[in-house]
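The values are calculated or read from the model by the stated rules, or taken from the named source; none is laboratory data. Here the structure is a predicted model, which is why all the values come from computation and not from measurement. Note: ideal-geometry Cβ built from the backbone for every residue, glycine included; neighbour counts use all protein chains shown.
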Amino acid sequence: MDIKKSRVQTQLTHLGRAPEKHHGMVNTPVYKTSTIIFSKAEEIIEKEQIHHTDKTYARTGTPTIHALQNAMSHLDGADNSVITSSGMHAISLAMLSQLNSGDHILLPESSYRCTLRFVEEELPRLGIEYTFYKPTITNELETLVQPNTKMLWMESPGSGTMDIQDIDALVSIAKNHNIITAVDSTWATPLFFRPIDLGIDIIVQSLTKYIGGHSDILLGSISANGQVFEKIYKCFLNCGTATSPDDCYLALRGLRSLDARLRQHEKNALKVAQWLETHPKVEKVLHPALSSHPSNNLWKKYFTGSSGLFSFVVQDCSTDNLYKALNSLSLFGLGLSWGGYESLAWHYEISGDRAKTYLQDNQRLIRIHVGLENPDDLIVDLANALNNI
Ligand SMILES: *Cc1c(COP(=O)(O)O)cnc(C)c1O
């Protein structure tokens, strides 16, 4: 059976390993090397163009790294991928590879905080302009397009407030103006959202989150086709991007259980979210799979599942009380990441005008990642914490 044509659960089990090439080893081994030895001098010709599956030097990839790279491109439905040292590096590389001095990028104001910071602090000194747009924008995006707009960035759902973007409307505007489209699809993984099928050019993911799944690695990936990928690969080589084969091995291992983990995260998160919706101290729950979320229809249109990360707004409360509540959590760790097996909570601050759309005076946003604990225990933990509010 052709694995690439099989269902995704089968692909997750088989992609990125080839026992016949590795002495029958079921898993692709960790190749620890910097140098690759050639058997004949004639083979060491400095290539004009290095192909992204060539083995010339460990920075351009070893069998462990290529195994993950191939698995990611198949899962994303793209021709090619590169693996980067972090999700954030995938984001910066995706932008730097496509944007020139004088270009302009459009970006949702709900983007991952470090993405916003990279754009604000690094792009202007390269002469690249940016405009932030509301994540719920549709046809009005047209009015923000400038003659020099080169890239449309998306992140769906957006960090913190979980707005789902109207991908069809945005992609069609971008296509009319020859604008390259990119999406940070870390939340959904290739299981729940298929950006390439919707005409998006570049998919960026933090593999640190669900693909790794065990809070012990940092990695990212970029998938794309054709000319767009060629530019990404050139920039990847020229910037000296490299990844650890140990981390790539762990990401491959994470893929094996991704479907089972993600479905459990989804189930647990929905149970916790539905309980939070009934809690008197909770003003609203921002989970796109709940019918109460303003983006619920768009989530139904574009996604086939939801994961473990969402937010909720707590009523009128001082910073002291909020911190008391967070500090009293015992199962939820206080942590900035997500996507691992464990539950995490964080006070997510929305900056600027956007806060007014979501929060009234003294309301606070808490972002939680629902892990693989029993959700009934997580509910008890949250109930105790909310008593402080
Ligand atoms: C965590 C995160 C990233 C960055 O990933 P790292 O691997 O930590 O660099 C990018 N995008 C989103 C949406 C994230 O949550």
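Some notes on this structure:
- When residues in the stretch 114-148 are screened for being free of Cβ contacts under 8 Å to residues at least 60 places away in the same chain and assigned to a helix (DSSP H, G or I), 17 of them pass.
Okay, residues lined up against (1) buried (at least 18 other Cβ atoms within 10 Å of the Cβ); (2) free of Cβ contacts under 8 Å to residues at least 12 places away in the same chain:
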residue	(1), (2)
Asp320	no, yes
Leu326	no, no
Ser330	no, no
Gly333	no, no
Tyr341	no, no
Trp346	yes, no
Glu349	no, no
Asp353	no, yes
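- Residues in the stretch 250-279 that are outside any helix (DSSP H, G or I) and in contact (Cβ under 8 Å) with a residue 12 or more places away in the chain: His279 only.
- Ala385 passes every criterion in (1) closer than 30 Å to Gly254 by Cα; (2) at pLDDT 95 or above apart from (1).
- Check on Arg117, over 15 Å from the mean Cα position of the chain (by Cα) and away from the ligand (no atom under 16 Å from the Cβ): no
- Met151 vs. criteria touching a residue at least 24 places away in the same chain (Cβ under 8 Å), within 16 Å of the ligand (Cβ to nearest atom) and either buried (at least 22 other Cβ atoms within 10 Å of the Cβ) or in a loop (DSSP other than H, G, I, E, B) (or both): no
- Just one of the listed residues (Ser97, Ser111, Ser81) is assigned to a helix (DSSP H, G or I) and either in contact with a strand residue (DSSP E or B) (Cβ under 7 Å, 6 or more places away or on another chain) or surrounded by 23 or more Cβ atoms within 10 Å (Cβ to Cβ) (or both), and it is Ser97.
- Single match in Gly61, Gly77, Gly102 (criterion: more than 23 Å from Gly212 (Cβ to Cβ) and more than 16 Å from the ligand (Cβ to nearest atom)): Gly102
- Members of the stretch 173-202 found to be β-branched (Val, Ile, Thr), within 16 Å of the ligand (Cβ to nearest atom) and closer than 15 Å to Ala94 by Cβ, listed by number: Val183, Thr186, Ile200, Ile202
- The residues in the stretch 213-243 that are at pLDDT 95 or above, surrounded by fewer than 24 Cβ atoms within 10 Å (Cβ to Cβ) and farther than 24 Å from Ile180 by Cβ can be counted, and the count is 5.
- The set of residues in the stretch 1-28 being assigned to a loop (DSSP other than H, G, I, E, B) and either touching a residue at least 60 places away in the same chain (Cβ under 8 Å) or of a type in the set (Phe, Trp, Tyr) (or both) consists of Leu15, Gly16, Arg17, Asn27, Thr28.
- Residue check for Ser295: among the polar types (S, T, N, Q) and surrounded by fewer than 20 Cβ atoms within 10 Å (Cβ to Cβ): no
- With respect to the conditions (1) of a type outside the set (D, E, K, R); (2) free of Cβ contacts under 8 Å to residues at least 40 places away in the same chain; (3) within 16 Å of the ligand (Cβ to nearest atom); (4) crowded, with 18+ Cβ neighbours inside 10 Å, Ala289 lacks only one, and its number is (3).
- Selected residue (criterion: farthest from the ligand (Cβ to nearest atom)) from residues of the stretch 306-316 that are buried (at least 17 other Cβ atoms within 10 Å of the Cβ) and not β-branched (Val, Ile, Thr): Phe312
- Residues that are touching a strand residue (DSSP E or B) at 6+ places or on another chain (Cβ under 6 Å) and more than 16 Å from the ligand (Cβ to nearest atom), drawn from the stretch 154-172: Val171
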